[in-house]
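Below is one structure, written out as structure tokens; comments come after it.
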Amino acid sequence: MKEPSAATAPATRDDLALASCERAVVRGLDYLASQQEADGAWRGDYGGPMFLLPMYVAACHIGGRPIEPLRRDGMIAYLSASQKIDGSFGLHVEGSGCLFTTVLCYVAFRLLGLVPEDERVARARAFIHAHGTALGCASWGKFTLALLNLYEYDGLQPVLPELWLLPASLPFHPSRFWCHCRQVYLPMAHLYGMRARMPADELTHALRREIYDRPYDSIRFIDHRNTIAPSDVYEPTSSALKAVNFVAGLYERVHGRALRERSLARLLDHIEFEDRATQFIRIGPVNAVLNTLVHFFRSPNSDQTVRSFAALEGYLWDGHDGTKMNGYNSTALWDTAFAAQAMLDTPVGAAPRETLQRAHAFVLNNQVLEDLPDYQRYYRHPCRGGWPFSDRAHGWPITDCTAEGLTAALMLEHAGLPPLPEERILDAVKLLLTWQNRDGGWATYERQRGGRWLELLNPAHVFGDIMVDHSYAECTAASLHSLALCRQHFAAHSDRTHDELLQRRAGTAIRRGERFLRKCQLADGSWEGSWGVCFTYGTWFGVRGLHAAGVPSSDPALRRACEFLYQHQNADGGWGESGDSCRERRYLTSASHAVNTAWALLTLVMAGEAREPRCERAAGFLVTTQLENGDWPRQSLSGVFNKTALINYENYRRIFPIWALTRFAAASA
């Protein structure tokens, strides 16, 4: 019997699978393009932590800034949707009951106008009383209550302003802390030093009766400095922290007024620098609220106070479940850089040209072009050439955001769009090189400034790894990928004059980064993620970094990574990882998740596994779970910070499945 001709041969199973992938990619691209905003960026819901919105509500109440009714209703809706059956609130929206956030959300309910008899309020109050009352809150909760005149300052562990007057050469000076940590405790120390608190009113007295189990005036708050509910303890108080708190408590009894005033002036100088450097956005929502209250308590009607409250509005987000406070002013650069890379990996012509042009403009327009004046005085790292997580106005470049922004710019240039000026490429490369740590890895905003022993002084209890900005697999891998791409770019433009020393430094940095990634690979073949859930995320970055460094697919490190992923593949072909993996620091399987599956499939394809049937099953899972409109279903949160706080990345489910299916189809063809 004559064999069918190529033109009439029936489609094979592989052909059908690839055709399904391609259709899913086209639908996904159309939907992703539809979500792009007018300025070329993608922004998404970045909510999840349940302490942020109550802090905003508290600030508005203290500052006498009424929340307009429609927004108020949205906030109540979000808190109601996030409340657990037992009346509690988790540290994040998916977490189990946490006293810290339950007390703050209870207070927010009441400040937003709900009465004590409301069923939601009553359930939260019952949880609070069953778990030790507000006396058992973690420290950030007690501090917020103190500002509201619902807790006494002598019940707080001292937050000494005078620490900022110590020589910066000391190993425990605040300048050595991770920047998020020092930017939170900076205004916190100022507010503590001035004993800032709003006047008590009728609602204050009512709340005092509701969140405690005894008359407020009968409580010896000083006896509860160390009282903390088990639900609020991730990092127990170390012996070192107990000793520091003891010494600080002794100092607080005898401190002099003149030195306190001098230290408050120093703190205010740093707070005002942060305001100028970020156009009042600040590095994140917590210090944005606290800086705002510093200005309010100093001068309620000042221009700084007015601008501060106005800037807080940029953190609010109207999501599918109500109005929340995002964990950053936006995800714009981060999401846009990944969206552009995913689109550029699709077949030529698949991604709308206008969409890429707008993304290109946004990426180029949001590179930081100048260092901050006098940045060394304020313990800032150089920032010229970097990209922030959100936009240039935010003003805090990050290693992996710079790497992904530079990667996107170079890829967009390769696709025929106008190039990033050569000087700006060189600025970005130089900045990446200055960020590399002695261990070969990259941290987030700055080089590591303090020893890991500083984590023993973590005063927050509910988070891990907040004191030191140490090296991360994800930041390292992103930086390696970008540096490797830059070296290719330089080689392709031999007609231009490049700094050969800089290229050699980049090569050395890549080799050192490769060694770091090999060293932090775990025995089971995985990498632990610190900014996503969790081992599927970290392993994608680990393999991506080694691949960028030139490691072949046959390398044992990549083989172990593939075996790790195969061991955790679900029966439906997907991967699903519980958010508790981050807290417990071990892989915990859950129902298959489009984003976890996409990360795993990207990793396996990069490691040369595209023709493995298990990869086809993974692609099949992504194809069959895609929605009719080209999106993927909303599932559990896929981001995390500081081990315990899950956070939403709304656009991950729209970007990574497209990227994974594109890579799979191309490698399988």
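Brief remarks on what is shown
- Residues being closer than 30 Å to ILE398 by Cα, in a loop (DSSP other than H, G, I, E, B), over 30 Å from the mean Cα position of the chain (by Cα) and in the same structural domain as ARG262 (by TED's automatic domain parsing) are entirely absent from the range 208-217.
- Whichever residue in the range 497-546 is acidic (Asp, Glu) and part of a helix (DSSP H, G or I) and, among such residues, is nearest to GLY95 (Cα to Cα): GLU514
- For the range 423-469, filtered to residues that are in contact with a Gly (Cβ under 8 Å, 6 or more places away or on another chain) and part of a loop (DSSP other than H, G, I, E, B), the residue that is farthest from CYS179 (Cα to Cα) is GLY440.
- The residue list LEU104, LEU53, LEU70 contains one member that is among the aliphatic types (A, V, I, L, M), under 24 Å from PRO158 (Cα atoms) and either assigned to a helix (DSSP H, G or I) or touching a strand residue (DSSP E or B) at 6+ places or on another chain (Cβ under 8 Å) (or both), which is LEU104.
- Here SER553, SER592 are screened, and the one residue that is surrounded by 21 or more Cβ atoms within 10 Å (Cβ to Cβ) and part of a loop (DSSP other than H, G, I, E, B) is SER592.
- Checked against the criterion of being more than 15 Å from GLU119 (Cβ to Cβ) and assigned to a helix (DSSP H, G or I), the range 92-100 contains one or more residues that satisfy it.
- Residue count, the range 470-496 (criterion: part of a loop (DSSP other than H, G, I, E, B) and among the hydroxyl-bearing types (Ser, Thr, Tyr)): 2
- Residue within the range 76-84 that is under 17 Å from ASN326 (Cα atoms), β-branched (Val, Ile, Thr) and touching a Ser or Thr at 6+ places or on another chain (Cβ under 8 Å) present: no
- Taken as a whole, the structure leaves ALA81 outside the set of residues that are free of Cβ contacts under 8 Å to residues at least 40 places away in the same chain, surrounded by fewer than 16 Cβ atoms within 10 Å (Cβ to Cβ) and either under 24 Å from THR237 (Cα atoms) or of a type outside the set (D, E, K, R) (or both).
- Within the range 612-639, the set of residues being in contact with a Cys (Cβ under 7 Å, 6 or more places away or on another chain) and surrounded by 24 or more Cβ atoms within 10 Å (Cβ to Cβ) comprises ALA619 only.
- Contact map, the range 87-116: residues that are farther than 23 Å from SER578 by Cα and surrounded by fewer than 24 Cβ atoms within 10 Å (Cβ to Cβ) paired with residues that are of a type outside the set (D, E, K, R) and at pLDDT below 95, Cβ distance under 7 Å, separation 6+ or inter-chain. No pairs are found.
- Matching residues, the range 270-315, being outside any helix (DSSP H, G or I) and touching a residue at least 12 places away in the same chain (Cβ under 8 Å): GLN279, PHE280, ILE281, ARG282, ILE283, GLY284, PRO300
- Output for the range 115-133, where each listed residue is touching a Leu at 6+ places or on another chain (Cβ under 9 Å) and either within 19 Å of PHE463 (Cα to Cα) or not small (Gly, Ala, Ser) (or both): ARG120, VAL121, PHE127, ILE128, HIS131, THR133
- Pick from the range 447-485, criterion more than 15 Å from the chain's Cα centre (by Cα) and hydroxyl-bearing (Ser, Thr, Tyr), ranking: nearest to THR227 (Cα to Cα): SER471
- Taking the numbered list (1) closer than 19 Å to ILE658 by Cβ; (2) outside any loop (DSSP other than H, G, I, E, B) in turn, SER581 passes all entries but (1).
- Candidate set: the range 227-256, residues that are part of a helix (DSSP H, G or I) and among the β-branched types (Val, Ile, Thr); chosen: the one surrounded by the fewest Cβ atoms within 10 Å (Cβ to Cβ): VAL254
- Residue among LEU259, LEU267 that is in contact with a His (Cβ under 6 Å, 6 or more places away or on another chain) and either more than 14 Å from LEU165 (Cα to Cα) or part of a helix (DSSP H, G or I) (or both): LEU267
- Residue within the range 591-603 that is touching a strand residue (DSSP E or B) at 6+ places or on another chain (Cβ under 7 Å), aromatic (Phe, Trp, Tyr) and under 21 Å from CYS534 (Cβ atoms) present: no
The values are calculated or read from the model by the stated rules, or taken from the named source; none is laboratory data. None of the values given here were measured: they were computed from a predicted structure. Every residue, glycine as well, gets a Cβ built from its backbone with ideal geometry; the counts of neighbours run over all protein chains shown.
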